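*Asks:* Okay, handing you the structure first.
The values are calculated or read from the model by the stated rules, or taken from the named source; none is laboratory data. Keep in mind the model is a prediction, meaning the values are calculated, not measured. Virtual Cβ from ideal backbone geometry, glycine too; neighbours counted across all protein chains shown.
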Amino acid sequence: QSGHYSRAARDDGACCRNGALTPHTSTALVVVFITDVNDNKPVFDECQTYTPKVEEGAQSGTSVIKVKAKDLDKGHNGQVRYSIVQQPNQKGTKFSVDELTGEIRTNKVFDREGDDGRFVSVTVEATDRGSPPLEGVCSFKVEITDINDNPPLFDRQEYRENVKQDTQVGIHILRVSASDEDADNNGAIVYNLTAPYDPDHLAYFSINPDSGWISLQKAL
């Protein structure tokens with residue numbers, strides 16, 4: 001930024017012995033350049049609104065979110081570069097960021113049911129090119145969304161129960177139990193019976209699809 005000013009100089013006109021006054025003037029153009037001071041750090045105005053999600057199992061390099069920081073300084077002092085801040089006690093970085101565009105991508109394949117969990121924290125830093133440089137940071141969490149990648153597992157490999165021939169129809173015989181590490185509907189358990197060797201055996205027993213209770217439905 002610059003300002004243009006005109007300045008004039010004038011003498012008192014005392015030039016001659018006879019006392020005559022002949023003033024002289026001269027003008028010059030003065031240009032003042034105003035240089036910027038690096039007194040504003042980069043700011044992530046929308047940091048509090050960042051709620052990105054990435055699906056577990058998505059390949060490394062998947063785009064997560066594009067962040068943006070603003071710096072009110074001019075020229076180099078206002079030019080921003082982005083970087084990922086290493087998390088404490090974390091080996092390597094789980095995300096990478098384009099230093100110019102602010103686009104964040106995954107650096108690994110996430111497993112929601114493993115060590116990664118449901119949320120992963122990320123901190124991105126914006127640094128200007130002033131001297132000395134100033135920094136601004138933004139921290140937020142990336143939600144790892146669930147896919148149906150885990151089968152239900154029973155708490156036992158085999159269930160055995162003795163049933164007397166005169167057992168009353170409708171009596172609960174035994175209860176089976178299974179769990180699934182997936183979330184929401186992906187982890188919901190529905191029970192049903194099969195009889196791979198003799199389908200006729202299904203006529204004698206029924207199972208509650210929600211509770212896993214097996215009952216006698218036909219006299220033995």
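*Asks:* Across segment 45-76, which residue is nearest to LYS141 (Cα to Cα) among those that are of a type outside the set (D, E, K, R) and in contact with a Lys or Arg (Cβ under 7 Å, 6 or more places away or on another chain)?
*Replies:* VAL64
*Asks:* Oh, and also: It is to be established whether one or more residues within segment 142-164 are buried (at least 16 other Cβ atoms within 10 Å of the Cβ), within 30 Å of VAL37 (Cβ to Cβ) and either within 20 Å of the chain's Cα centre (by Cα) or in the same structural domain as TYR191 (by the TED database) (or both).
*Replies:* No: segment 142-164 contains no residue that is buried (at least 16 other Cβ atoms within 10 Å of the Cβ), within 30 Å of VAL37 (Cβ to Cβ) and either within 20 Å of the chain's Cα centre (by Cα) or in the same structural domain as TYR191 (by the TED database) (or both).
*Asks:* Would you check if SER6 is hydroxyl-bearing (Ser, Thr, Tyr), modelled with pLDDT under 85 and out of contact with any Phe, Trp or Tyr (no Cβ under 7 Å at 6 or more places or on another chain)?
*Replies:* Considered against the rule, which asks whether it is hydroxyl-bearing (Ser, Thr, Tyr), modelled with pLDDT under 85 and out of contact with any Phe, Trp or Tyr (no Cβ under 7 Å at 6 or more places or on another chain), SER6 comes out as yes.
*Asks:* Quick one: what pairs do we get from segment 128-139, first residue in a loop (DSSP other than H, G, I, E, B), second surrounded by fewer than 15 Cβ atoms within 10 Å (Cβ to Cβ), C-beta under 8 Å, 6+ apart or different chains?
*Replies:* The qualifying pairs are ARG129/HIS76; GLY130/HIS76.
*Asks:* So for segment 172-185 (the condition being part of a helix (DSSP H, G or I) and within 24 Å of the chain's Cα centre (by Cα)), does at least one residue qualify? Spell out how you get there, then give the answer.
*Replies:* At the first step, the residues of segment 172-185 found to be part of a helix (DSSP H, G or I) are 184-185.
So of that shortlist, the ones also within 24 Å of the chain's Cα centre (by Cα) come out as 184-185.
Taking every residue of segment 172-185 in turn, at least one turns out to be part of a helix (DSSP H, G or I) and within 24 Å of the chain's Cα centre (by Cα).
*Asks:* How many residues does segment 147-186 hold that are out of contact with any strand residue (DSSP E or B) (no Cβ under 8 Å at 6 or more places or on another chain) and not basic (Lys, Arg)?
*Replies:* Residues meeting the conditions: 15.
*Asks:* Within segment 167-181, identify whether any single residue is of a type in the set (Lys, Arg), on the phi < 0 side of the Ramachandran plot and surrounded by fewer than 12 Cβ atoms within 10 Å (Cβ to Cβ), and answer yes or no.
*Replies:* no
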